[in-house]
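**Student:** Below you will find the structure I want to go over with you.
The values are calculated or read from the model by the stated rules, or taken from the named source; none is laboratory data. Keep in mind the model is a prediction, meaning the values are calculated, not measured. Don't worry about glycine lacking a Cβ; one is built from the backbone with ideal geometry, like all the others, and counts go over all protein chains shown.
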Amino acid sequence: MQKHALVLRRELNVPASFIWRGYTEPELLKKWFCPLPWRTVDCRMDLQPGGEFYTLMQGPAGESMPASGCYLQIESGKKLVWTSALAAGFAPQPSNFDALGFHFTAIIELTPTATGCVYQATVLHANEASKQKHADMGFNDGWNAALEQLIALYQA
């Protein structure tokens, strides 16, 4: 594993197929992708290597956080990889584009189990400073809270 990675690994009582849908269907993703009270108000996906992955998150006071990236790898139902360092078509993002102040690559892996799946999100950073900034922003709590929102949609 890369030394500048943040990892969230959980065993879920939710089928991998539903988690996959949560990451690959824009209307479903908008219902859970960022922790409340923030909301994802727009999403575009072109599910192919080099395809666009775009979200627009909105805060409770009207703050906006656009995020644009590029899919790198798609293994249907198993693995999804995207990066904020590249735009659609593998074009480099401007260095000042990312509202977070750093780029990252996210790897979502789903392994079916008898009762659901093992979910692992690995988020790679260019250096220790970016990794620490993401951790300090609440990576673990935020990604866990968003995942809980997706689980709640399955249970509804």
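**Student:** Being under 27 Å from GLY116 (Cβ atoms) and of a type in the set (S, T, N, Q) is the filter here, so list the residues in region 39-81 that pass it.
**Tutor:** THR40, THR55, GLN73, SER76
**Student:** I've got another one for you. Are any of the residues in region 18-25 at pLDDT below 95, outside any strand (DSSP E or B) and of a type in the set (Ser, Thr, Tyr)?
**Tutor:** The answer is no; no qualifying residue exists.
**Student:** Would you check which residues across region 49-62 are out of contact with any strand residue (DSSP E or B) (no Cβ under 9 Å at 6 or more places or on another chain) and modelled with pLDDT of 95 or more and list them?
**Tutor:** Once the filter is applied, which keeps residues that are out of contact with any strand residue (DSSP E or B) (no Cβ under 9 Å at 6 or more places or on another chain) and modelled with pLDDT of 95 or more, region 49-62 yields only ALA61.
**Student:** Given the structure, is PRO35 more than 21 Å from VAL118 (Cβ to Cβ), touching an Asp or Glu at 6+ places or on another chain (Cβ under 9 Å), in a loop (DSSP other than H, G, I, E, B) and not small (Gly, Ala, Ser)?
**Tutor:** yes
**Student:** Is region 8-19 home to any residue that is more than 20 Å from LEU100 (Cα to Cα) and aromatic (Phe, Trp, Tyr)?
**Tutor:** yes
**Student:** Which residue, of GLY62, GLY116, is over 22 Å from GLU148 (Cα atoms) and of a type in the set (Gly, Ala, Ser)?
**Tutor:** Of the residues listed, the single one that is over 22 Å from GLU148 (Cα atoms) and of a type in the set (Gly, Ala, Ser) is GLY62.
**Student:** For residues that are part of a loop (DSSP other than H, G, I, E, B) and aliphatic (A, V, I, L, M), scanning just region 46-62, find the one that is surrounded by the fewest Cβ atoms within 10 Å (Cβ to Cβ).
**Tutor:** Out of the qualifying residues, it is ALA61.
**Student:** Where the second residue is among the hydroxyl-bearing types (Ser, Thr, Tyr) and the first is surrounded by fewer than 15 Cβ atoms within 10 Å (Cβ to Cβ) and lies in region 20-44, which pairs have Cβ atoms under 6 Å and are six or more apart or on separate chains?
**Tutor:** Close Cβ pairs (under 6 Å, with a partner that is among the hydroxyl-bearing types (Ser, Thr, Tyr)) amount to ARG44/TYR54.
**Student:** Could I ask something else about it? Residues in region 108-117 that are out of contact with any Phe, Trp or Tyr (no Cβ under 9 Å at 6 or more places or on another chain) and within 26 Å of PRO92 (Cβ to Cβ): how many?
**Tutor:** Looking only at that region, the number is 0.
**Student:** Scan region 130-145 for residues that are in contact with a His (Cβ under 9 Å, 6 or more places away or on another chain) and without any contact (Cβ under 8 Å) to a residue 12 or more places away in the chain and jot them down.
**Tutor:** Passing the criteria: only GLN132.
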